[in-house]
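The values are calculated or read from the model by the stated rules, or taken from the named source; none is laboratory data. No experiment lies behind these values; they were computed from the predicted model shown. Note that we place each Cβ from the backbone using ideal geometry, even for glycine, and neighbour counts take in every protein chain shown. Remember, those area values only see protein heavy atoms, side chains included, never the ligands or the DNA or RNA. Shrake-Rupley method; radii C 1.70, N 1.55, O 1.52, S 1.80 Å.
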Amino acid sequence: MPHLHFKGKTFVQNHHLAVPFHELIPVADKGLSQKPSLHDNLILQGDNLKALKALLPTYQGKVKCIYIDPPYNTGNEGWAYNDNVNSPMMQSWLGKTVDREDLTRHDKWCCMMLPRLKLLRELLTEDGAIFVSIDDNEVHHLRCLMDEVFGEENFVANVVWEKKYSASSDHKGIAPLHDHIIAYRKSEIFQRNLLERSDSKDSQYKHEDAKGVFRVSDYTCNKTAEERPNLYYPITNPHTGEEVWPKKTRVWGYSKDLHDKHVSEDLIFWGVENKAKVPGFKRYRDQLKGGDGVVPATIWAHEEVGHTDSAKKELNVVFPDGGAREFVTVKPTSLITRILQIATEKDSIILDSFAGSGTTAHAVAAQNAEDGGNRRFVLIECEDYVDNVTAERVRRVMRGVPTAKDAKLKAGYGGSFSYFKLGEALEKQAILDGEHLPSFETLAGYVFFTATGEQFDGGKIDPKTGFIGESRNFDVFLLYQADVEALKNMALTLDTARALPSHSGKPKLVFAPTKYLEEETLRKLQIVFHQLPFEIYQRMDAKRR
Ligand SMILES: C[S@@+](CC[C@H](N)C(=O)[O-])C[C@H]1O[C@@H](n2cnc3c(N)ncnc32)[C@H](O)[C@@H]1O
């Protein structure tokens, strides 16, 4: 496979591994939740490279659908490359606005994107998919980066979104009316959903029985008995007892086995009042996944999914006070809804790490209100407007927008979210100096994740006994308090070792500042000991390599 080369690539190739884990600090009064939790809908304030890394212990392999809308690198956006990569060339790039005059602007953009795409991939479920909005400034580079990170065999589609409905009359060239949405899957297990039929097609759903509303489709196919002898067989009409044969020039569409299955599932229609001479196939509207939807295609017209003007209007409905007027790169919720329909289930987690005005959260809340789903969103935004635009939009759409014409939006979609900001990096020296001691729960998350590589569940910890979770091979314990004096006296002794509760009967993996026990005793008690904080970092360093 051809690879894209760009300035700085060697420095950022493994940068995602070197980014330290950071604490996530709840900011209770900015969320809409009784008790902030990382398992709630989330809005994270901060740079997405650090925030994505901080999410790994809780969300690795859990996110079903990622939508991102990164800077397009048009030369007018005022973004700056700010990743703290340790090389003089990269350092000289920091903080400088990337404009059209910048001869390395495409290199910087690739350097910014590569480590983020790598972390995003780690967060996806095996059956998950990522959708990235982009325009012609970077689409060709993005495709190469995504081939590299996700594998070219996992390319799903390059969708053309018709973002404008007309070309501006003063355009000097061929006016671009579309953006791209590049989609890749994590693996071949990903399956796209079918799209619901539009209202006009819904009129075909004329029939109803105890299972719901359905339409009837033809039970035959365009093949001859000679071509498909296995599809030429008699079907018994259960209402008359007669045998019904298909035409020799147009046989049944299903094998005998499949037909028997249809009969057992009551999917055969014999007409109104069972008067039909030939069978039909019942296609229920609520079971579109089963095969009665529309196959999504790669051209998304503005009439179906909105355009940039409708997106701005939509944002202004939520901010009638003009509070988001300056926000120009907003996407229509219907565009994100289309992605949710294609790539999520009702309980999926959706991540947007370039959240902007919060369209993704708006679309998720609206879709849940529409279909009774329980999808969750995770949004990351680094700019100051994360509180008064991104989070404020979500507060308003959840609680209701009194001036909105749409009844559901007026009433509010309901739901809650927790707001977190990035805290300090969990650096070994800061812990050793007692300068910055993370909370028990924060350290538990990182210790558990880095030691086991498995997902951490904060709901299971017990700071009293030190239990922080069960992995495939161990019950894991952390003897720790965020207090220098307490830590000085904290050790794994014979008494503390014997007092460790047995959760699953598996050997115990114990992290503590020190131990006063012989190896032999540890072996007898089936304890594997690791010293804090050195051995967490040894494990992290091993992973980085
Ligand atoms: C094109 S806008 C996204 C617009 C969004 N889709 C919407 O509908 O409102 C890109 C956003 O990504 C944010 N962003 C850029 N770099 C970031 C970073 N390193 N970390 C977090 N957010 C970032 C920008 O501040 C901006 O709000």
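If you place +1 on the Cβ of every Lys and Arg, -1 on the Cβ of every Asp and Glu, and leave all else neutral, what size is the dipole of the range 199-290 about its Cα centre, to the nearest 20 Debye?
Numbers: 17 positive and 15 negative charges, 62 e Å.
So the dipole magnitude of the range 199-290 works out to roughly 300 debye.
Would you kindly state how much longer the chain becomes between residue 272 and residue 188 on full extension, computed as 0.36 nm times their sequence separation minus their alpha carbon distance, in nm to one decimal?
Roughly 26.0 nm would be gained on extension.
Need the full-extension length gain, residue 495 to residue 247, defined as separation in residues times 0.36 nm minus the C-alpha distance. One decimal, nm.
80.9 nm
Mind checking which lysines have their C-alpha under 20 Å from residue 524, skipping anything on the same chain fewer than 8 residues away?
Of all the lysines, those that pass the test against residue 524 - Cα under 20 Å, at least 8 places apart if same chain - are 506, 508, 515.
Return the aspartates and glutamates within reach of residue 428: Cα separation strictly under 20 angstrom, same-chain partners fewer than 8 residues apart disregarded; answer none if there are no such residues.
23, 441, 483, 485, 535, 541
Of the listed pairs 282/346; 35/313; 108/172, which have alpha-carbon separations greater than 26 Å here?
Going by Cα-Cα distance, 35/313; 108/172 fall outside the 26 Å limit.
Report the antiparallel proportion of the DSSP beta bridges in the range 434-544 as a percent, rounded to a multiple of 5.
Given both bridge residues lie in the range 434-544, the antiparallel proportion sits at roughly 30 percent.
Which of the trypsin sites (Lys or Arg not before Pro) across the range 425-522 are loop residues per DSSP, with 13 or fewer other Cβ within 10 Å?
464, 472
Please return the longest stretch of the chain lacking exposed loop sites, where chymotrypsin sites (Phe, Trp or Tyr not before Pro) count only if DSSP places them in a loop and at most 14 other Cβ atoms lie within 10 Å.
Here the longest segment lacking exposed loop sites spans 166-515.
Check the straight Cα-Cα distances from residue 186 and name the aspartates and glutamates below 13 Å, setting aside those fewer than 8 residues away within the same chain.
In chain and number order, the partners are 122, 126, 127, 147, 148, 152, 153.
Under a Cβ-only charge scheme (Lys and Arg +1, Asp and Glu -1), can you give me the dipole magnitude of the chain about the Cα centre, in debye to the nearest 20?
The dipole of the chain has a size of about 880 debye.
For the chain, what does the accessible surface come to per residue with a 1.4 Å probe? Please give it in Å².
49 Å²
Greater than 30 Å separation of Cα atoms is the criterion. Which listed pairs, 163/421; 30/331; 30/460, meet it?
Violating the 30 Å Cα-Cα cut-off are 163/421.
Percent antiparallel among DSSP beta bridges with both residues in the chain, to the nearest 5?
Here the antiparallel bridges make up roughly 55 percent for the chain.
Pulled fully out, how much extra length does the chain show between residue 528 and residue 5, if you take 0.36 nm times their separation in residues and subtract their Cα-Cα distance?
Value of the extension gain: 183.8 nm.
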